[in-house]
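The structure appears right after this line, and notes come after that.
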Protein chains: 2
Amino acid sequence: MPRIIVEVMPKPEILDPQGKAIASALPHLGFTDFSGVRQGKRFELTVEGEVTEQVLESARTAAAEMLSNPVIEDVISVRVDEDAA
Amino acid sequence: MPRIIVEVMPKPEILDPQGKAIASALPHLGFTDFSGVRQGKRFELTVEGEVTEQVLESARTAAAEMLSNPVIEDVISVRVDEDAA
């Protein structure tokens, strides 16, 4: 079934303790190429039937209203998952 | 600075309580186009200097060893963020 991918990240100015914790742990494990890490969320929405523009718009609204907290997060992208059968 | 995006999702056979909770809430808020929701993680790794194949390989290893739990999660993709300046 077709899927829509929604990606949500913390706003750049917002403190990201999880990302900071990972960024400080990476060098200790030998990963020295990365100067920063930020952690966000990725959602897969399974769609009944076809992904029409109306369904995509509904996903955008759900992303803004339910899947993210607009005070601290940005919806980075809402796109059709080309890999989904 | 260049960035690498790492996407991690729960394995299909693994129960995803967060995804289930969202999927059951969506219709109550008027979003009726979606039959399922799964929630995973999205990481942005900021890279010092250029993203060479060696740096990308290092990101793949970090994704498998640190950014995901191989027992319950799959690394969906590790890619260069084309939008990053």
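Please state which one of A:3, A:79 is touching a residue at least 12 places away in the same chain (Cβ under 8 Å) and surrounded by fewer than 16 Cβ atoms within 10 Å (Cβ to Cβ). The conditions single out A:79.
Within the set A:82, A:44, A:50, the sole residue that is of a type in the set (Asp, Glu) and within 19 Å of residue B:29 (Cβ to Cβ) turns out to be A:44. Filtered by the rule that a residue be at the interface with chain A (Cβ under 7 Å from one of its Cβ atoms), under 14 Å from residue B:5 (Cα atoms) and not aromatic (Phe, Trp, Tyr), region B:28-66 gives B:40, B:41, B:42, B:44, B:45, B:46, B:47, B:55, B:58, B:62.
The set of residues in region B:46-85 being among the hydrophobic types (A, V, I, L, M, F, W, C) and part of a strand (DSSP E or B) consists of B:47, B:75, B:76, B:78, B:80. Among the residues making up region A:22-35, those that are surrounded by 13 or more Cβ atoms within 10 Å (Cβ to Cβ) and part of a helix (DSSP H, G or I) are A:22, A:23, A:25, A:26.
Quick check: is even one residue across region A:48-68 touching a helix residue (DSSP H, G or I) at 6+ places or on another chain (Cβ under 8 Å) and among the charged types (D, E, K, R)? The answer is yes; a qualifying residue exists. For region B:63-76, the candidate set comprises residues that are among the aliphatic types (A, V, I, L, M) and farther than 19 Å from residue A:23 by Cβ; within that set, the residue that is surrounded by the fewest Cβ atoms within 10 Å (Cβ to Cβ) is B:71. Does residue B:46 count as among the hydroxyl-bearing types (Ser, Thr, Tyr) and in contact (Cβ under 8 Å) with a residue 24 or more places away in the chain? So residue B:46 fits the description; yes. Scanning region B:43-56 for residues that are within 17 Å of the chain's Cα centre (by Cα) and over 16 Å from residue A:40 (Cβ atoms) yields a total of 1.
Taken across region A:13-21, residues that are among the basic types (Lys, Arg) and surrounded by 15 or more Cβ atoms within 10 Å (Cβ to Cβ) do not occur at all. Residues in region B:71-79: is at least one more than 8 Å from chain A (Cβ to nearest Cβ) and more than 12 Å from the chain's Cα centre (by Cα)? Looking for residues that are more than 8 Å from chain A (Cβ to nearest Cβ) and more than 12 Å from the chain's Cα centre (by Cα), one finds at least one in region B:71-79, hence yes.
In this structure, residue A:1 qualifies as part of a loop (DSSP other than H, G, I, E, B), facing chain B (nearest Cβ under 8 Å) and not hydroxyl-bearing (Ser, Thr, Tyr). Against the list (1) modelled with pLDDT under 95; (2) crowded, with 20+ Cβ neighbours inside 10 Å, the condition residue A:48 fails is (2).
Of the listed requirements (1) within 21 Å of residue A:25 (Cα to Cα); (2) in a strand (DSSP E or B); (3) among the charged types (D, E, K, R), residue B:38 misses just one: (1).
The values are calculated or read from the model by the stated rules, or taken from the named source; none is laboratory data. Model, not experiment: these values are computed from the prediction. Note that we place each Cβ from the backbone using ideal geometry, even for glycine, and neighbour counts take in every protein chain shown.
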